[in-house]
1. How many residues, within region 157-182, are polar (S, T, N, Q) and within 12 Å of the ligand (Cβ to nearest atom)?
2. Check whether at least one residue in region 107-117 is closer than 30 Å to N175 by Cβ, open to solvent by less than 20 Å² (accessible area, probe 1.4 Å) and assigned to a strand (DSSP E or B), and report yes or no.
3. What are the pairs with Cβ atoms under 8 angstrom where one residue, in region 75-91, is assigned to a loop (DSSP other than H, G, I, E, B) and the other, located anywhere, is acidic (D, E) and near the ligand (Cβ under 10 Å from one of its atoms)? Sequence gap at least six, or different chains.
4. Consider F137 against the criteria (1) within 12 Å of the ligand (Cβ to nearest atom); (2) open to solvent by 50 Å² or more (accessible area, probe 1.4 Å): it satisfies all of them except one. Which criterion is unmet?
5. Return the residues of region 124-147 that are assigned to a strand (DSSP E or B) and touching a helix residue (DSSP H, G or I) at 6+ places or on another chain (Cβ under 8 Å); say none if nothing qualifies.
6. Kindly establish whether G26 is over 11 Å from the mean Cα position of the chain (by Cα) and away from the ligand (no atom under 11 Å from the Cβ).
7. Inside region 82-93, can you point out the residues that are closer than 17 Å to T6 by Cβ and open to solvent by 30 Å² or more (accessible area, probe 1.4 Å)?
8. Are any residues in region 173-189 surrounded by fewer than 19 Cβ atoms within 10 Å (Cβ to Cβ) and in a strand (DSSP E or B), and if so, which ones?
Amino acid sequence: MKVLITAGPTREALDPMRYISNRSSGKMGYALAEAAVKAGHETVLVSGPCSLTPPEGLAKFVGVISAAEMAEAVKAEFQTADAAVMCAAVADYRPKQFSTSKIKKNDETLILELERTEDILASLGSMKKPGQLLIGFAAETDDMEKNALGKLQRKNLDWIAANRLDLPGQGAESNTNTVVLYSVKGEQITIPLASKRDVAEAILNVTGVNKPCKGNSII
Ligand code: C5P
């Protein structure tokens, strides 16, 4: 199977020096890519800027900076993908204006105007063809289940992996994670706290990216 994975944050430039970004380390996405390679998939990793080394054995690595660059790379790769796991923390807004000169500190306050970026996962949801498997992530501080189920429906996903951002041992930057997987068919499966590597393997098994085979435990 060709498996497409996104990882890491995006950076939205304000001027040649500054950008808006987030705390995503890329660890969960890189763990998913590693697990996909290990399972024998033709794995394409599209990554925002992070300090990790791409796993060995990838079919392709595409490094991007902004949400717009990620959107272009991901939509091109999705055309021929069998499954996509969108784990990147894509910026929802970017500065409306890019200043080619460095912004100077003249006034006491500075108001930035932001505009929405493309919701890449929602774009894939509307491009999705029968047989393609689309999995998203929802990192939440409040109302995790309600928000995750809303995204599952709105973005036309097959599964969503939800995790809390406000608890220790999970979410951005952590080496461990725990997620709840919700499917469009109404299934709900909790992957207990484990290393991101083990959680990644469980996500691929439960969602059907890895076809379960005889003798293999599914989680
Ligand atoms: O709606 P929200 O941004 O919380 O959805 C999170 C999911 O959507 C993640 O899978 C993330 O990779 C994806 N996403 C995206 N493009 C955006 C924002 C989020 O692909 N602009």
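The values are calculated or read from the model by the stated rules, or taken from the named source; none is laboratory data. All values derive from a computational prediction rather than experimental measurement. Quick reminder, even Gly has a Cβ in these numbers, built from the backbone with ideal geometry, and neighbours come from all protein chains shown. We work out accessible area using only protein heavy atoms, side chains counted, and drop any ligands, DNA or RNA first. Shrake-Rupley method; radii C 1.70, N 1.55, O 1.52, S 1.80 Å.
1. In the first step, residues of region 157-182 are kept if they are polar (S, T, N, Q); the result is 163, 170, 174-178.
Add one more test, that the residue is within 12 Å of the ligand (Cβ to nearest atom), and what stays is 163.
Selection size over region 157-182: 1.
2. Within region 107-117, not a single residue is closer than 30 Å to N175 by Cβ, open to solvent by less than 20 Å² (accessible area, probe 1.4 Å) and assigned to a strand (DSSP E or B).
3. Hits for this filter: V90/D119.
4. Against the list (1) within 12 Å of the ligand (Cβ to nearest atom); (2) open to solvent by 50 Å² or more (accessible area, probe 1.4 Å), F137 comes up short only on (2).
5. Matches in region 124-147: L133, L134, I135, G136, F137, A138, E140.
6. So G26 fails the test.
7. Of all residues in region 82-93, those closer than 17 Å to T6 by Cβ come to 82-92.
Residues satisfying the conditions are D82, A89, V90, D92.
8. T176, T178, V180, S183, Q188, I189
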